[in-house]
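The values are calculated or read from the model by the stated rules, or taken from the named source; none is laboratory data. These numbers were taken from a predicted model, which means no experiment stands behind them. Here Cβ is always computed from backbone atoms with ideal geometry, including for glycine, and neighbour counts include all displayed protein chains.
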Amino acid sequence: MKQLLLLGFIGFATTFFAQKDLTKRIVQIKGNDTTVIVINERMDRMDSILTEEMKTIYGSDSMFTRVEVYMDSTINGEDGPFSSDSIKVKIGNMKIVILDDRNGNAKGEKRMIIDERVIIQEDNQALVLDSDDFNSEKTDCESKTNNPVWSGFGINANGFLTSENKLATGSELGFLELDPAKSLGIQLNLFEKRFPIIKGYLGVTTGLGFQWNRYALKNNVDITSSNDTIFGVENATKNYTKNTLSSVYLQAPLLLQINTNKDPNESWTISAGVVGGIRIGGMQKTKWEVEGNNNKNKTKDDFNFRPFSASLMALIGYGDWNLYMTYNLTDVFNEGSALSLRGVNAGILLSF
C-alpha cells in the first residue's frame, strides 16, 4: 500500500508540474525500506505537495510512527544555485522541522523530520522541540513560555501607612483602627498580555484584574459619609462581632518582567511596575447577636474611597508561586475626607 501511494504521488507530480529544476527527494520510513523519489519541480512548490503526501502516509497507518525526509536543498534556477532556509511548520497534529544536516553527505543537504516530539542531537547537546515550538498560531507571549506573572489568584494582608510612611497602628487611626489579623485583601487577575523584549527572558506585562480590600475595624462604629467627609459613630445598642469596611477596584498593571528560564515551571521571576485602578464599589458589613440570633447588615456606599488609584508593585517568585507587595501612591480616601492614609499590602499570588 505504501509503495502504491508513493508511486501514485510520483506519477501525479510528473504529470501536472513543469519539467524544470531537478530536485531529488530521498524519503526514509524508519522500520521499512528506503525509497527514492525523483521529482522534476521547483522546491518551493513541491515542498507543500511532499508534506501533504507524508501527512497521508503518517496518518494512514499507525505502524509508521516517524518519517524522515532528506533533501538536496540546492535549486538550479535561472539566476544560479541557491539554498533554501531552514523552517518549522505545523499541519494539524503533525510537527515538521527542516534544518541543516551536519552529517549529510551532500553539500547543502537539509533534514526534515516529521514527528510529534523532535529531539535533535547537535554537538553532544540535545535540542528538544515540543508542540509549542511549531505552533505558528501562537505568539511568544501566548505559548508555553509565557511565564505568567499577573494572571492568578492572590491573598494579602492590608495595612495603612501615615503621611510619614510609617505603619499606622493603634488609636492614632481613631475610628479606623484596624484588626490586622482580619484585614485581608484578595486579587483575582483574569487577563494577562505579555510583550517580549528578549524572547522569554525579558518583557512587559499588562492585563486586567480585581482587587478587594477589606479593612477589619476594631471599634464598634457605623461608618457614615457626608459630602467630602467620613466619620465613625459609636453604636451603643449593638455589639458588633464583625465590622468591616471594603473597597473593590478594577486594575490594570504595567510591569517589567524578568525570567531566568523560558520554562515557567523552572523559572525565577522578578517583576516591578505600576498598577492603576478604578473604584467600582464600596461597602460596610456588620454582624451582631441579639438573644442568641445572628444579625447582619450591609451598607453600600463609596465611603469617599479614591475613585482612581495608583500603586507600585514588586513581585518575586518561582514557578507558579509568587510573593508580592504593593504600595499606594495615592491616599486610600479622598483628600480631606479622613486621615491621610496610604494603603500597603503583601501577600502570595498563585499564577495561572
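Just to be sure before I move on: is Glu291 in contact with a strand residue (DSSP E or B) (Cβ under 9 Å, 6 or more places away or on another chain), loosely packed, with under 14 Cβ neighbours inside 10 Å and assigned by TED's automatic domain parsing to the domain that holds Val332 in the structure I sent? Considered against the rule, which asks whether it is in contact with a strand residue (DSSP E or B) (Cβ under 9 Å, 6 or more places away or on another chain), loosely packed, with under 14 Cβ neighbours inside 10 Å and assigned by TED's automatic domain parsing to the domain that holds Val332, Glu291 comes out as no. Exactly one residue among Phe195, Phe210 is touching a helix residue (DSSP H, G or I) at 6+ places or on another chain (Cβ under 7 Å), of a type in the set (A, V, I, L, M, F, W, C), within 21 Å of Leu312 (Cβ to Cβ) and assigned by TED's automatic domain parsing to the domain that holds Ala346, and that residue is Phe195. When Thr244 is tested against (1) surrounded by fewer than 16 Cβ atoms within 10 Å (Cβ to Cβ); (2) among the polar types (S, T, N, Q); (3) touching a residue at least 12 places away in the same chain (Cβ under 8 Å), only condition (1) is not met.
Would you check if there is a residue in region 197-219 being among the charged types (D, E, K, R) and under 38 Å from the mean Cα position of the chain (by Cα)? It would help to see each step written out before you state the result.
First, the residues of region 197-219 that are among the charged types (D, E, K, R): 199, 214, 218.
From what's left, under 38 Å from the mean Cα position of the chain (by Cα): 199, 214.
Checked against the condition, which is being among the charged types (D, E, K, R) and under 38 Å from the mean Cα position of the chain (by Cα), region 197-219 yields at least one hit.
Taking Thr162 as the residue in question, decide whether it is hydroxyl-bearing (Ser, Thr, Tyr), farther than 30 Å from Phe352 by Cβ and over 37 Å from the mean Cα position of the chain (by Cα). No: the conditions fail for Thr162.
Residues to consider are Val344, Val332; find the one that is touching a residue at least 12 places away in the same chain (Cβ under 8 Å), in contact with a Lys or Arg (Cβ under 7 Å, 6 or more places away or on another chain) and surrounded by 15 or more Cβ atoms within 10 Å (Cβ to Cβ). Steps first, answer last, please.
Working: Val344 fails: in contact with a Lys or Arg (Cβ under 7 Å, 6 or more places away or on another chain).
After ruling out the rest, the residue left standing is Val332.
The C-beta contact set for region 182-209 (first residue free of Cβ contacts under 8 Å to residues at least 12 places away in the same chain, second residue buried (at least 21 other Cβ atoms within 10 Å of the Cβ), distance under 8 angstrom, 6+ apart or interchain) comprises Ile197/Gly203. Residues of region 300-314 that are loosely packed, with under 15 Cβ neighbours inside 10 Å and free of Cβ contacts under 8 Å to residues at least 40 places away in the same chain: Lys300, Pro307, Phe308, Ala310.
For region 222-240, taking the residues that are among the β-branched types (Val, Ile, Thr) and over 41 Å from the mean Cα position of the chain (by Cα), the one that is surrounded by the fewest Cβ atoms within 10 Å (Cβ to Cβ) is identified as Thr237. On the stretch given as region 234-254, residues that are of a type in the set (Ser, Thr, Tyr) and over 18 Å from Val290 (Cα atoms) total 4.
Scanning region 146-162 for residues that are more than 12 Å from Trp212 (Cα to Cα) and either small (Gly, Ala, Ser) or not assigned by TED's automatic domain parsing to the domain that holds Leu178 (or both) gives Ser151, Gly152, Gly159. Taken as a whole, the condition of being on the phi < 0 side of the Ramachandran plot, hydrophobic (A, V, I, L, M, F, W, C), in contact with a Lys or Arg (Cβ under 6 Å, 6 or more places away or on another chain) and in the same structural domain as Asn293 (by TED's automatic domain parsing) does not apply to Leu255.
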